[in-house]
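Worksheet for the structure shown next.
The values are calculated or read from the model by the stated rules, or taken from the named source; none is laboratory data. Note that the structure is predicted; figures quoted are calculated from it, not measured. Note: ideal-geometry Cβ built from the backbone for every residue, glycine included; neighbour counts use all protein chains shown. Side chains are part of the model used for accessible areas, which takes the heavy atoms of the whole protein and leaves out ligands, DNA and RNA. Shrake-Rupley method; radii C 1.70, N 1.55, O 1.52, S 1.80 Å.
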Amino acid sequence: MQEIKEKIAIDDDLEANSSESSMITTDLVHSSSMSHYVTLLFAAACGLSVANVYFAQPLLDNISSEFGIDYAIIGIIITITQIFYAIGLLLLVPLGDLLNQRRLIIGQMLLSVISLVVVGTASSSTVLFVGMGLVGLLAVVTQTLVAFAATMAAPAERGRVVGIVTSGVVIGILLARTISGILTDLAGWRSVYLFSTVLMLLMIFALYRVLPNVECKVKTLSYPQLLKSVFILLVQERLLRIRAILALLIFTAFSILWTPLVLPLSAPPLSLSHTAIGAFGLVGVIGALAAARAGRLADQGYGQRTTGVALILLLLSWLLISYMQQSLFALVIGIVLLDLAVQAVHVTNQSMIFTLRKEERSRLTAGYMIFYSIGSAVGSITSTHTYAHYGWSGVCLLGAFVSALALLFWTITSRATVAHHNKSCTL
């Protein structure tokens, strides 16, 4: 009888302390392995959601012609999307530590469907810009999914799971170009967003059936306090700051390649179709898939070494990319190396920062991905401007400079990263 009374008392304490109760629920979730099917579904959902941000890149010339936007500033479409993506990272992703993540994910994806319809039916450049801003704002559901996957995964497999799910993100970015090019040639650029609307609805149904109903980890913070804690984490966690700056640099380089690539490929003497241009996204997928193992290497303690090798490959890739006018084969190899490098660093970054504070993964993700989004926006606007004034050679020099800067930063911070990461893993 005494044991029963103690059990009842313990249960009452847990109900009174909602934060502790939710923490136990979370621990139970990641005490077992994620099934391969659920992991792949997370990867597919991430890929589809983030693809909505990048569908426009191969369509810049079409959109420019229809709405009368000059080539020198057409990159503003991508920049607007990335700016609102960054806003979403700050305002929406941290909610994963405060609200029920299942409801948060489903709700954001339903709103994404509405924003896609706005873009697909836009009658003016103003409506288009508003729609693209909403698409970027709501596409951050991708990062809520990544943080949720890291929570669901057992600690020993977290790097592998994050690697697979994050690979879905990069593959989604790259396949967006292929799908966008094919659909544009078949039915016009608007069909791209309407087709994505249908796929999003199907994905919502699939996720609704498999996502666990995990209680939030924090209930004592107000929303302003939650947002403030994102910046506190950046101040307190040196490892987070280092990997976030690396994210900014590598995704600046990533956007420097992919944003203006459609312009020289579609212009004489190459004059490739949108389908052919989109096929280069398939080439990039090879590199992204090859980098999926980076998460396992991070689990084994080789994250810093993997980062260094990847950054060297990133720098070398620009040499091959610069020969595009002479050889499309050189461009293909350069794209594979660049996407391999970016994905390897990105997976390693996330695997390392998720070891810091398990109860604050959504906020860690938000802080890290804000830098990613800033890098993407900077790369988009600077690369199209550079191409308009200095051509493809100028774009390649800009990309090589940013890549060299990333390698230099990694070298300078290498010792501090290893020491800080080892300390956090032993806590």
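Quick notes on this one:
- Looking across region 48-63, the residues that are more than 17 Å from residue 115 (Cα to Cα) and open to solvent by 10 Å² or more (accessible area, probe 1.4 Å) come down to 61, 62.
- Subset of region 299-335 (residues that are within 14 Å of residue 287 (Cα to Cα) and not hydrophobic (A, V, I, L, M, F, W, C)): 317, 334
- Taken together, 192, 170, 198 contain a single residue that is assigned to a helix (DSSP H, G or I), surrounded by 23 or more Cβ atoms within 10 Å (Cβ to Cβ) and either in contact with a strand residue (DSSP E or B) (Cβ under 6 Å, 6 or more places away or on another chain) or modelled with pLDDT of 80 or more (or both), which is 192.
- Residue among 126, 178 that is more than 25 Å from residue 223 (Cβ to Cβ) and touching a residue at least 12 places away in the same chain (Cβ under 8 Å): 178
- Search result, residues across region 223-278 that are open to solvent by 50 Å² or more (accessible area, probe 1.4 Å) and not in a helix (DSSP H, G or I): 268, 269, 271, 273
- Total residues in region 121-160 satisfying the condition of being out of contact with any Leu (no Cβ under 7 Å at 6 or more places or on another chain) and closer than 30 Å to residue 35 by Cβ: the figure is 19.
- Filtering 313, 282, 289 for residues that are at negative phi, assigned to a helix (DSSP H, G or I), surrounded by fewer than 24 Cβ atoms within 10 Å (Cβ to Cβ) and modelled with pLDDT under 75 leaves a single hit, 289.
- Within region 332-355, residues that are free of Cβ contacts under 8 Å to residues at least 12 places away in the same chain and under 15 Å from residue 174 (Cβ atoms) have Cβ atoms under 6 Å from residues that are polar (S, T, N, Q) and open to solvent by 10 Å² or more (accessible area, probe 1.4 Å) in no pair, counting only partners at least 6 apart in sequence or on another chain.
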